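The values are calculated or read from the model by the stated rules, or taken from the named source; none is laboratory data. The structure presented is a predicted model; accordingly, all values stated were derived computationally and were not measured. Ligands, DNA and RNA are stripped out before the accessible areas are found, and what is left, the full protein with its side chains, is counted by its heavy atoms. Shrake-Rupley method; radii C 1.70, N 1.55, O 1.52, S 1.80 Å.
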Amino acid sequence: MSKTDTVAEAEKVETKTDAPQAGTGHAEVKVGAAARRVDNLNLWNQLKRTDPKATKPFTRGGGFRGTQIDPTWRLQMMTEAFGPVGKGWGYEQVDWTIAERMVFICARVWYLDPETGEKCWTGPQWGGTEMVRRRNGIEAPDDECFKMSMTDAVGKCLLQLGLAADIYMGQFDDSKYREESEAYYAAKANPDLQPAAIEAFEAEVKRRLGACLDLDDLEEVWRAGVGNRLREIGTIDRAAQHRITGLFAQKKAEILKREEGDGREAA
């Protein structure tokens, strides 16, 4: 890699997000005389990818096949996004009824907007479960039918926020996509990619770039594993990836400007 290509390589890691594009979910919101850019799909994109380890296939009567999602994993993802249940998010029963030997529960989910703190609600959803199950040819009451109906209703509400949306959109049927999801969650569990570790890495990059005097120094910093680390960080925290690659671009511009000024003085 040449000296002048160091930041060009860094820029390949980034995805440009400066200008709103059709279908991206971005919008401009007017606040007084200023415009504030809002990403309407931010929460959806944060929640949509499902951990393959939290799923298993199932088959129902009539040959229907689908993917079952671990309810506890759903709770974990919501807690990660908003905080503990009852504090940052929660749910409530709106209505319930019994019909055709089934329990139906209507519920809705609330959550606190991470940016504004506003309490928001999903639309209500119904969940249903049979009250009687046949096991070994014998019918018996199902003592978990109410709990399962609530779980069903809450899961449908969380889908409105985007949780596990990739399954319902058919993406999970693609083996390549599932492999990408496995890699994503493996990286997410890596201690080196936790928020504190990324913050420490960013501070270290700033320190090292501050000592760079020319493009040779800049390239040496990049070659010292920064590129590979940034690709890993990008799977978890794209904003941090953009900030760090931006540091390289800024430093390169400073060096080139200084060298250009030195060249003029020498002439």
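For region 96-141, what is the accessible area per residue in Å², given a 1.4 Å probe and the full set of protein chains?
Using a 1.4 Å probe on heavy atoms only, each residue of region 96-141 averages 69 Å².
Quick check: with the 1.4 Å probe, what order do M78, M169 take by accessible area, largest first?
The ranking, largest first, comes out as M169, M78.
Assuming a ≥ b ≥ c are the square roots of the Cα gyration tensor eigenvalues, decide whether region 55-180 counts as rounded (a/c under 1.5), prolate (otherwise, with a/b larger than b/c) or oblate. Could you put the intermediate results ahead of the total?
On the way: a/c = 2.38, a/b = 1.25, b/c = 1.90.
It is oblate, given that a/c is not under 1.5 and a/b is not larger than b/c.
Just round it to a whole percent: the fraction of Cα-Cα distances in region 180-267 exceeding 15 Å.
The calculated P(r) of region 180-267 puts 62 percent of pairs beyond 15 Å.
Please report how far the C-alpha centroid of region 191-249 lies from that of region 94-165, rounded to the nearest whole angstrom.
44
Which percent of the accessible area of region 154-207 is formed by carbon and sulfur heavy atoms (probe 1.4 angstrom)?
It is 53 percent, rounded to a whole number.
Would you tell me the accessible area of L213, worked out with a 1.4 angstrom probe on the heavy atoms of the protein chains, in Å² to the nearest 10?
For L213, solvent-accessible area is about 120 Å².
Please list, in order along region 107-119, the HN-Hα scalar couplings obtained from phi with the Karplus expression 6.51 cos²θ - 1.76 cosθ + 1.60 (θ = phi - 60°), rounded to whole Hz, x for Gly and Pro.
Along region 107-119, the couplings run 9, 9, 10, 10, 8, 9, 4, x, 8, 9, x, 5, 7 Hz.
What accessible area per residue comes out for region 167-267, rounded to a whole number of Å², with a 1.4 Å probe?
61
Taking the full set of protein chains and a 1.4 angstrom probe, give the accessible area of R207 in square angstrom, rounded to the nearest 10.
That residue has around 150 Å² of solvent-accessible surface.
If one puts a single equal scatterer on every Cα of region 44-115 and applies the Debye formula without solvent, what log₁₀ I(q)/I(0) results at q = 0.22, 0.23, 0.27 Å⁻¹?
Here the Debye-derived log intensity ratios amount to -1.09, -1.10, -1.15.
Using heavy-atom solvent-accessible surface (probe 1.4 Å) with all chains present, what is the largest-first order of Y111, Y91?
Y91, Y111
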